[in-house]
């Protein structure tokens with residue numbers, strides 16, 4: 001419902017390889033840590049975005065999307081649903097091509113705004129599940 005197969009495929013294979021991962025810290029027990037490692041192992045450049053701006057998996061972190069000094073293709077969101085909408089709005093502002101809300105992250109108004117702004121968006125899905133399913 002929140003991301004058809006064509007959109008998922010396009011985000012994972014065609015839109016570029018720089019993924020800003022909002023909510024990624026060096027906490028190994030968090031899902032973002034493992035998903036970031038998975039994306040990295042599949043050729044994606046991960047960019048940690050967290051208030052602590054920690055280096056994760058060898059990549060320098062930034063405190064916000066706006067602080068990243070280079071182009072970001074996909075913004076992958078690992079924050080609570082009530083915080084996700086503003087992150088999607090920030091993704092639009094920085095010129096990202098797509099927004100990906102992780103499993104359990106749902107904000108239908110943000111989904112509509114982001115799509116209306118011309119970005120691809122997937123919600124309530126995980127790229128670590130979807131990428132292997134592409135075959």
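Each value in this text was obtained by applying a stated rule to the coordinates, not by laboratory testing. What you see is a predicted model, and the numbers here were worked out from it, not measured in a lab.
Observations, loosely collected:
- Value of [θ]222 nm, deg cm²/dmol, for the chain, DSSP H segments ≥ 4, -39500 (n - 2.57) each, nearest 500: -11000 deg cm²/dmol
- When the P(r) of the range 53-106 is calculated, the portion above 16 Å amounts to 43% of the C-alpha pairs.
- Across all C-alpha atoms in the range 5-133, the radius of gyration and Dmax reach 12.9, 35 Å.
- Per-residue extension of 0.36 nm, minus the Cα-Cα distance of residue 14 and residue 133, leaves a gain of 41.2 nm for this segment.
- The chain: relative contact order as a whole-number percent, Cα under 8 Å and 6+ apart: 25 percent
- Sequence-separation-based contact order of the range 1-78, relative, with Cα cut under 8 Å and 6+ spacing, percent: 36 percent
- For the range 1-74: span of alpha carbons on each principal axis (Å, largest first): 35, 28, 24
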